[in-house]
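All remarks here apply to the structure that follows.
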Amino acid sequence: KWADPRKLVTDAQAGGYAVGAFNMHSDETAQALVRAAEQAESPVFLQVGRAIVPHMGLRKAYELTLRAAEESDAEVVIHLDHGPWEEVFEAIKLGFTSIMYDGAHLPLDENIRTTKHVVEVAHSFGIPVEAELGTIPDAGEAVDWASYYTKVDEAERFVAETGVDWLAVSAGIVHGVVPDLPPQPLDLERIEQIRRATGLPLVLHGMSGVADDDVTGAIKAGVHKFNADTDLRHAFRAGLESVWAQGDRQLEEALAAGRERMIEATVAKLQQYGCAGKASA
Ligand code: G3H
Ligand code: 13P
Ligand code: ZN
Ligand code: NA
């Protein structure tokens with residue numbers, strides 16, 4: 001059940017699909033992700049991300065995720081999402097088997113220097129590292145895309161100097177979804193160029209609100225790990241609201257309905273990414 005993260009992504013690259021990577025926010029949401037992976041017979045990255053850490057702390061979030069994984073047969077990786085400096089090392093000590101270090105906000109040289117150090121430490125423990133170059137804006141931010149996009153020559157230098165395993169790129173995606181706005185078109189040509197220049201499997205974040213065509217296009221261009229969160233949170237919320245709409249009910253009933261809706265939405269993503277049916281067991 002504990003998957004080798006490098007192999008999951010390499011297999012996805014060889015098989016022409018992408019592995020789903022989704023964020024847990026609570027016990028029920030962690031359960032939803034592993035149950036969806038089980039139902040879809042898919043591998044999955046269970047991500048501990050930016051929202052959960054201030055809420056319950058890294059250790060507790062890790063332990064909840066670990067518990068959910070242990071209770072299932074799903075093939076999983078427990079991954080730190082958007083880890084800042086220090087948290088990355090804390091995560092390695094706790095037992096995460098895959099990490100993202102996010103130095104994208106730093107000047108290029110500083111991003112390279114810190115990422116290289118994280119890679120050295122993580123690799124000494126056999127842990128792969130995802131890093132980010134270019135900035136992935138939040139939905140609704142006023143964005144000057146030219147300055148946000150990952151630049152091909154910088155990506156080539158970044159990968160050569162840091163030794164990262166996977167690179168998260170900015171190519172038109174945003175974190176979150178803007179209701180009533182059409183999905184952001186992806187710069188697939190740029191993604192393809194970055195893949196050629198770096199030779200690495202690429203990662204796209206912000207996969208909520210991305211059109212179907214862009215999902216398949218991104219896989220063809222070289223993306224083999226997709227991060228999604230907002231669409232799944234919205235599904236959980238719809239489940240809660242469906243129960244609350246019936247009046248004052250037990251909280252557990254609402255949480256269970258949220259979990260059910262999130263399972264359905266996660267299975268749909270795993271199918272869309274092509275990783276459903278790809279669990280090795
Ligand atoms: O800067 C280096 C890290 O703090 C090393 O952390 O002892 O958890 O591997 P570690
Ligand atoms: P979305 O919320 O847009 O799906 O982005 C999730 C993400 O990238 C987590 O790292
Ligand atoms: Zn992200
Ligand atoms: Na998004």
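Some observations on this one:
- 3J(HN,Hα) along region 114-129, derived from phi through the Karplus expression 6.51 cos²θ - 1.76 cosθ + 1.60 where θ = phi - 60°, amounts to 6, 4, 4, 5, 4, 4, 4, 5, 4, 5, 5, 9, x, 9, x, 10 Hz, with x in place of Gly and Pro.
- Largest mean-square fluctuation among T135, T114, T266, in a Gaussian network model of the chain whose springs join Cα atoms under 10 Å apart, belongs to T114.
- Lys, Arg +1 and Asp, Glu -1 on Cβ, resulting dipole of the chain about Cα centre, debye, nearest 20: 440
- Placing unit charges on the Cβ atoms of the charged side chains and taking the dipole of region 129-281 about its Cα centre, the candidate lying farthest along the positive direction among I263, G247, I191 is I263.
- Anisotropy class of region 201-279 from Cα gyration tensor, a/c 1.5 cut: prolate
- Taking P185, P201, P137 in turn, the Gaussian network model of the chain (Cα-Cα springs below 10 Å) assigns the largest fluctuation to P185.
- Once both labels are positioned 7 Å from their Cα atoms along Cα-to-Cβ, the gap between Q271 and D73 label points is 2.1 nm.
- Couplings for region 108-113, taken from phi via the Karplus curve 6.51 cos²θ - 1.76 cosθ + 1.60 with θ = phi - 60°, read 3, 4, 5, 4, 5, 4 Hz in order; Gly and Pro are left as x.
- Karplus (6.51, -1.76, 1.60) ³J(HN,Hα), θ = phi - 60°, over region 184-201, in Hz, Gly and Pro reported as x: 5, x, 8, 8, 5, 5, 4, 4, 4, 5, 5, 4, 5, 5, 9, x, 9, x
- Full extension of the chain between W2 and S147 yields a length gain of 48.3 nm, computed as 0.36 nm times the residue separation minus the alpha carbon distance.
- Straight-line cross-link reach from K278 at under 21 Å between alpha-carbon atoms covers these lysines, not counting any fewer than eight positions away in the same chain: K1, K7, K220, K225, K269.
- GNM result for the chain, Cα springs below 10 Å: residue of L80, L108, L133 fluctuating most strongly: L108
- The Kirkwood radius of the chain, taken over pairs of alpha-carbon atoms, gives through the Stokes-Einstein law at 4 °C and 1.567 mPa s a diffusion coefficient of 69 µm² s⁻¹.
- Cross-link reach list, aspartates and glutamates versus K60, counting only Cα pairs under 13 Å and skipping chain neighbours closer than eight places: D27, E90
Values quoted throughout were computed directly from the atomic coordinates according to the rules given, and no laboratory measurement underlies them. Everything numeric here is computed off the predicted structure, so don't read it as measured data. Quick reminder, even Gly has a Cβ in these numbers, built from the backbone with ideal geometry, and neighbours come from all protein chains shown.
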